[in-house]
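Worksheet for the structure shown next.
Coordinate-derived values only; no laboratory data. This is a predicted model, so every value here is computed, not measured. Using ideal geometry, Cβ is built from the backbone for each residue, glycine included, and neighbour counts are taken over all protein chains shown.
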Amino acid sequence: MMASSNSFSLSNTSYSNSEASSLYVGGGIGLDYFVVDSVSVGFYADGSYRNFKGYGATTLAETTTTSFAGGIRFGANARLSGSMSFYPRLTLMLESSHGNIKPISSANGEPVGPPVASASVGPAVNMYAPLLVHPASHFVVGFGPRLQHDFAITRGGPYDGSQSTLISAEFTVGGWWGGEAPDNAEPDDVPSPDIAKPKKPADPVFGKTGQIVLTSAMDASIEHQSYSQSKGASTSVTVAPGIDYFVSDGTSIGADVVIGHSNGNGFDNSGANAEFSSASLGFVLRAGFNLQVAAIASIWLNGGVGYGSVDSSISTAMGTNQHTRTRGWIEASAPFLVHPASHFFVGAGPALFHELSDRDQYNYENKATQLALRLVLGGWFGGPSNVVTLVPPGK
């Protein structure tokens, strides 16, 4: 069994000095089962709802989107060495998406237009082929190309008549369990009661000194999305390495660096042709404490501070909305973790993000606050008792 492609987030974001806001709930689950050595069959399903009130070049609009997708996937894991493998997977899906854009006001006093609705329902195909590294038993990280094409045709809205295609390369974090030989297998000749049986070494415990932790919060991707009957297209690059290290039993320190850039052309909230770009840079330092509550469960408390900048611009024939902002923030999370196998965990818990400062080039301050409930998935290596046999999933 292998678990990947899993996510869940429930978040509400508000701002101190504007009408912008965002409510999001969404998640996905993907599980694969190896029916024979190296050949897997699995499924994937996700759904999301978002209500976003935000600013385009000259308008404030409320955008609501709802989407669902589900399907089956087939994979083949090719072992390249004891600690590396190649695991391409093909997913055949059905997708449904509905959206509505409701203009609220205009910065230049011009009348706003009527709401615009769009919908698409139909099949899609997704191919992901990551090269996986297995830094410890039951834990995998990887990077590889992805291609997704939606055969459904969008009806209504700014992309009316279009099919979308996504080409990307993405980082992934996952894990696996099951498939091992039973530990309680008895030999045909039962030994004398006077002969002590060797004890099975205890599985290493999460949170010990020297362990290095990687989670699904890490990201590295490059994406290009295009639409068949529209000039709209976008390209984005994200590099977000993050790592946590247990300096003593139960106590961790960590750091994140987030670098992002995107640009493209499409439509703003009013439906007008628009060009947009964004560049961001951020740093986070944090400390954590892992509280073991059961043999396979713990609560990992984390708190951190961050600083960064964002430069964003969106332009239409009616005007330009451009801001260069510097930000400082605090963040905290408390996920409840379950450890189904050594070196791999999955969990969920509350999270807080609050900006202490967010000022643009005009000295205008608009601080964001977000409350969320999120899924976290990850693994660890290093530390004591880390003598393991690295066997890629596929058994």
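What distance in nm separates the simple spin-label points at A317 and R359, each placed 7 Å from Cα in the Cβ direction? About 3.9 nm, to one decimal.
Counted over all Cα-Cα pairs of the stretch 106-166, pairs farther apart than 13 Å make up 74 percent.
Placing one equal scatterer on every Cα of the stretch 29-123 and applying the Debye formula, the log10 ratio I(q)/I(0) at q = 0.24 Å⁻¹ is -1.13. Panel order for D244, D160, D219, by other beta carbons found within 10 Å of each beta carbon, from fewest to most: D160, D219, D244. Shown is the FRET efficiency for V41 and A169, computed with R0 = 25 Å from the Cβ-Cβ distance and rounded to the nearest 0.05: 0.50. Modelled spin labels at A279 and V25, positioned 7 Å past Cα toward Cβ, are 3.9 nm from each other.
Phi angles across the stretch 163-174 convert, under the Karplus curve 6.51 cos²θ - 1.76 cosθ + 1.60 with θ = phi - 60°, into 3J(HN,Hα) values of 10, 9, 9, 10, 10, 8, 10, 9, 8, 9, 10, x Hz, Gly and Pro given as x. Taking the Cα centre of the chain as reference, the dipole from Cβ charges on Lys and Arg (+1) and Asp and Glu (-1) amounts to some 200 debye.
Two numbers describe the Cα atoms of the chain: Rg and Dmax, which are 23.9, 92 Å.
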